[in-house]
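A short reminder: the numbers here are calculations on the coordinates, not readings from a lab. As the structure is a prediction and not an experimental result, all values here were calculated from the model. Cβ: placed from backbone, ideal geometry, glycine included. Neighbour counts: every protein chain shown.
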Amino acid sequence: MPRARAPALRRRPTPRTAAPQRGSFGRDSARGWRRSCFAMVPAIHPFDRPSHQRGAMHVRLTRIVRDPLFVFCLLGAGCFLLFAALTDEREVIVLSDSLRANLADDFTLLHGRPPSAEDIDELTNRYVADEIMFREALARSLHLNDARVRMMMIEKMRFLLADEPAEPSDEAVVAHYADNLERYTSEPRYTLRNIFFRQRPGEPETILKALRNGAEIDGDPGFWLGAEIVDYHASVLANVLGPEALATLEAMQPGEWRGPIASPRGYHFLRLDEMVPRRPLRFAEISDQVREDWSNAQRRASIARRLDGLRDGYAIRER
């Protein structure tokens, strides 16, 4: 039985509108002209395209897919996504067997017994925490802002740049001693009587006059060096009594009383009993110290030479 043919679809006839008359340039005439232009164009749905246009788009897509450049870009994108999925961009902290052995050795040396499994876990966790803190500190440039850390790094760099000198000969040590005689002198030593007051006394002139006349006056107890200070070096007295007291002692004559002299601990009336002046030290007394000084001088010279080479990589500008 023959199939019934579907009735052909007819397009709705587009109504025709009269063209605007020439010479009419008003707003109503312009609107009518635009409406007539759009009315003469048939409305076509985007998917309601002719078959020959759909075929052309299919041909273009087929050519793009078969293009080697498209295949190359597709493979590259896939490799990039796979690499991003498999790669961990976080910083790695390696816990090796040698590291755990070092941690165990340090624990044994400190506690006198080998660490247990719990101790090893605690040591490892502490190491990881310290390593994280260290790396975060570097990332935040804390080593550039802390003066103490900066000096530690500078000293470490000096240690790395210094060349260990060879063992010096006796002639080199003696020559170093002769070239630096002003450094190898003894400090002055003082023996003195000390009357200490925590607070400034009310009549200091009266106390000083009585001391000069031979009177015995008791001060306040509690000064740790006591009333008799015997054979102390000048540097020690400068640290204990202060530089003002040391300057006063240097200007005094044996048997002379002076005071009150302020110190970080209170007030002092001082009588100089004896002063041993500085003198050159004999080489036999300080030969070991001179030998060490010679080695330190060689290390400083090697640091200076290597620092001159590093200085060429820096531009120094003044502002």
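Find the centroid of the Cα atoms in the stretch 116-166 and in the stretch 280-319, then give the distance between the two in whole Å.
26
Starting with the highest mean, order 263-275, 108-120, 179-191 by the number of other Cβ atoms within 10 Å, averaged over the residues of each peptide. Write out the running numbers ahead of the final one.
On the way: 263-275: 17.7, 108-120: 10.9, 179-191: 14.5.
Order by mean packing, descending: 263-275, 179-191, 108-120.
Give me the net charge for the shell around Arg305: Cβ to Cβ below 12 angstrom, other residues only, Lys and Arg +1, Asp and Glu -1.
Net charge around Arg305: +2.
How far, in nm, would the chain grow between Leu95 and Asp121 when pulled straight, counting 0.36 nm per residue and subtracting the alpha carbon separation? Intermediate values should be presented prior to the final figure.
Numbers: separation 26, 0.36 × 26 = 9.36 nm, distance 1.15 nm.
Length gained, Leu95 through Asp121: 8.2 nm.
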